[in-house]
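Let me begin by presenting the structure, written as structure tokens, before commenting on it.
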Amino acid sequence: MTKFTDLKLGPKVQKAIDEAGYTEPTPIQAQAIPAALDGRDVLGIAQTGTGKTASFTLPMITQLARGRAKARMPRSLVLAPTRELAAQVAENFDTYAKHVKLTKALLIGGVSFKEQDALIDKGVDVLIATPGRLLDHFERGKLLLTDVKIMVVDEADRMLDMGFIPDIERIFSLVPFTRQTLFFSATMAPEIERITNTFLSSPHRVEVARQATASETIEQGVLMFKPSRKDRLASEKRRALRDLIDAEGKRLTNAIIFCNRKVDVDVVAKSLKKDGYDAAPIHGDLEQSQRTRTLDGFRAGDLRFLVASDVAARGLDVPSVSHVFNFDVPSHAEDYVHRIGRTGRAGRDGKAIMICAPSDERNLEDVERLLEKEIPRLAGSAPAAEPEVAPSHPEPQAKPALAEPQAAPIEPAPAPATEKAEAPQPESRDADTPKDDNPKPRRRSEKRERGGSGDKPARSSAKSEPVVGMGDHLPTFIEKSFDERMAH
């Protein structure tokens, strides 16, 4: 079996690996590191949680150990789709490069430009950035990319999902053509094939798992949820989530709960906290400082439940996550693989539970088609309705009345049964001339009683001429006849 000592990494890098307690590389590391050390372009495809970050940080540090950075001209560039993933890459860099004199800068949103500019001005060996913030610095004239020798695109498929294709293509045009390029991704979409064919030169392809597969160490299950009433779906779904959490008991040490929408992240986190669960939200609309504190608390074990949007689905390495709950079935099937990949990492056991409402069943079919297997259904698929639901006005009673509007008479009748038997009701109303003339005045008086707008009090029948224009409120000059006005 391959050891880290067989990969010919630098002695100072190997020392850091030994101190971290790692002895054997993962399959993606064992195949990608030698090719990267040889200076080849690498296209690495592996399911999340297999160690892709070390696959490019370790050879990058070894190669950069020789040389020195120039001001505003980084020697290597790592692109990550989210702030959290970029920060995690920076942490890995600090771990593996602690015995090597290399400098780094982290360019992400939510942090002062001034602080980042100061780091860039000193010269950095490794620049770790999100695409948007990187281009912001470049357009402000604070950054040059003409000295980049190694470029890494981490979680490339997520970059594509988030609409970073134009930014990625522009950044590629700013770095030297002779650079070494490393692409790492959990899935391989056709768009990535096009990007790699354009910007990678004869890459060494490493694929250690079938595309979009989930780890075999993760136990999966789905709750087919049906609300008692459509307008109670949200509250009953949150109750179903709490029931699932309680059912896991002591087996659940901590968990990430994924929602499709940011607004649901906030609502679910607030609901759990209200019911005594230690939960906090994390999504892209929160301040970076708050996101950092929340993640640090979750990693440290101070926070038990992390309620997240897909900003946390990719690349976050929290080894001890015991459970993942999908409060919503993801809209994109591949996101399911990344979400549940937050548990069962590094060979550990994990459990992933998903709640599927009737409107999500098509998305569930897409997930199972991608996995090429059916996710086991959990018992008790329909949560019990609240006891007070039955006595309230039942909707099924109201539907027949809407379906048969012709059976409802305009005026209340003393005997509904006889009216139903009388078929020629329309003829009797048409023949009743006095009743036919009265309905409109009666409705106007009813509007006045309800405080409705519009109708003025009925004019006195003493006036013979018809009401014209503004009636009694007409100015005198308007009331004069046309001939009288012309005479003046």
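Couple of notes before you dig in:
- Residue list for region 44-64, filter: open to solvent by less than 10 Å² (accessible area, probe 1.4 Å) and either of a type in the set (Val, Ile, Thr) or not in a helix (DSSP H, G or I) (or both): 44, 45, 46, 57, 61
- Conditions (1) more than 24 Å from residue 171 (Cβ to Cβ); (2) of a type in the set (S, T, N, Q); (3) in contact (Cβ under 8 Å) with a residue 60 or more places away in the chain: number failed by residue 63: (1)
- Of all the listed residues (346, 313), the sole one being at pLDDT below 95, more than 19 Å from the chain's Cα centre (by Cα) and hydrophobic (A, V, I, L, M, F, W, C) is 346.
- Within region 245-270, the set of residues being open to solvent by less than 20 Å² (accessible area, probe 1.4 Å) and not acidic (Asp, Glu) comprises 245, 252, 254, 255, 256, 257, 258, 259, 265, 268, 269.
- Only listed residue being in contact with a Lys or Arg (Cβ under 9 Å, 6 or more places away or on another chain) and over 22 Å from residue 296 (Cα atoms), chosen from 65, 97: 65
- Restricting the first member to region 80-100 and to residues that are of a type in the set (Phe, Trp, Tyr), and the second to residues that are surrounded by fewer than 18 Cβ atoms within 10 Å (Cβ to Cβ), the beta-carbon pairs closer than 9 Å and six or more apart or on different chains are 96/20.
- Scan of region 271-290 for residues that are open to solvent by 10 Å² or more (accessible area, probe 1.4 Å) and either within 21 Å of residue 252 (Cβ to Cβ) or among the charged types (D, E, K, R) (or both), ordered by number: 271, 273, 274, 275, 276, 277, 278, 280, 281, 285, 287
- Residue match in region 133-140 (condition: open to solvent by less than 10 Å² (accessible area, probe 1.4 Å) and at negative phi): yes
- Cross-chain or 6+ apart pairs with Cβ under 8 Å, region 229-246 first and of a type in the set (Asp, Glu), then part of a helix (DSSP H, G or I) and surrounded by 13 or more Cβ atoms within 10 Å (Cβ to Cβ): none
- Residue match in region 43-60 (condition: over 27 Å from residue 348 (Cβ atoms) and more than 33 Å from the chain's Cα centre (by Cα)): no
- Residues that are in contact with a Pro (Cβ under 8 Å, 6 or more places away or on another chain) and among the charged types (D, E, K, R) within region 162-189 comprise just one, 167.
- Conditions (1) over 26 Å from the mean Cα position of the chain (by Cα); (2) loosely packed, with under 15 Cβ neighbours inside 10 Å; (3) part of a strand (DSSP E or B); number of the one not met by residue 182: (2)
- Any chance residue 75 is more than 20 Å from residue 128 (Cβ to Cβ), touching a residue at least 12 places away in the same chain (Cβ under 8 Å) and of a type in the set (Lys, Arg): no
- Within region 65-155, helices (runs of 4 or more DSSP H) holding 2 or more residues that are within 25 Å of the chain's Cα centre (by Cα): 83-96, 131-139
The values are calculated or read from the model by the stated rules, or taken from the named source; none is laboratory data. Computed from a prediction, not measured in an experiment: that's the story for all the values here. Ideal geometry is used to build each Cβ from the backbone, glycine not excepted, and the neighbour counts take in all protein chains shown. Accessible surface areas use protein heavy atoms only, side chains included; no ligands, DNA or RNA. Shrake-Rupley method; radii C 1.70, N 1.55, O 1.52, S 1.80 Å.
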